[in-house]
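Input: a single structure, listed below in structure tokens.
Each value in this text was obtained by applying a stated rule to the coordinates, not by laboratory testing. Since this is a predicted model, take the numbers as computed values, not measurements. Please note: Cβ atoms are built from the backbone with ideal geometry, for glycine as well, and neighbour counts cover all protein chains shown.
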């Protein structure tokens, strides 16, 4: 079989279409589809097939328009300093607009000193993000770890469905942001892209905690 420039362009375009099934985020997906359109246009030019050129110019143009809209939407977002820190530290897999949506689903609470916010052997009902203060984890009454601000708690229980593996007690009056687990799970159906990004973030948090044990 003779490998020609048109053969390479056509098969590269098909390869990009297959690759488009991989990205879970909308911007990478549109970038891959745009690249596929460019490859098809190159093939159309080499092969002299005007219909392929025209349709892929239109399809690629639509991807460019949507990408511009997405980038402009991200630029116009407004974050507090605390939200920016939480986004970078805990939810980096979420686009800015998606992060603000998830943030709005939570509720800020002030937890008094020495309050137990999670109980060993009991299933958690909330995901809890420490905004300030320090929480201490106890297993069978023995202190095993301290959790600083911008630590997400309850993520392992959320991912596995198991009960809390430790008591967690705040050492001072502490602000937290809480998300009911059932509300977060509902995103799997309502907004699957956001849910996938959240699960990825929580999985990374679990891995980091296990690595420090």
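Values as computed for the structure displayed
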quantity: Extension reserve of the residue 139-residue 45 stretch, reckoned as 0.36 nm per residue once the Cα distance is removed; calculated: 27.1 nm
quantity: Label-point separation in nm, residue 188 to residue 123, each point 7 Å along Cα→Cβ; calculated: 1.3
quantity: Spin-label pair residue 3/residue 163, simplified geometry with 7 Å Cα→Cβ offset, distance in nm; calculated: 6.1
quantity: Efficiency of FRET from Cβ geometry, residue 11 and residue 107, R₀ 45 Å, rounded to 0.05; calculated: 0.30
quantity: Tilt relative to the chain, helix 5-19 - C-alpha long axis, 0 to 90 degrees, to 10; calculated: 20
quantity: Cα-based equivalent ellipsoid of segment 5-75: semi-axis lengths in Å, sorted from largest, via gyration tensor; calculated: 24, 14, 7
quantity: Cβ-based exposure ranking for 7, 103, in which fewest neighbours within 10 Å come first; calculated: 7, 103
quantity: For segment 81-211: span of alpha carbons on each principal axis (Å, largest first); calculated: 39, 31, 26
quantity: Rough spin-label spacing in nm, given labels placed 7 Å along Cα→Cβ, for residue 114 and residue 84; calculated: 3.9
quantity: Whole-Å distance, taken between Cα centres, linking segment 154-213 and segment 55-119; calculated: 17
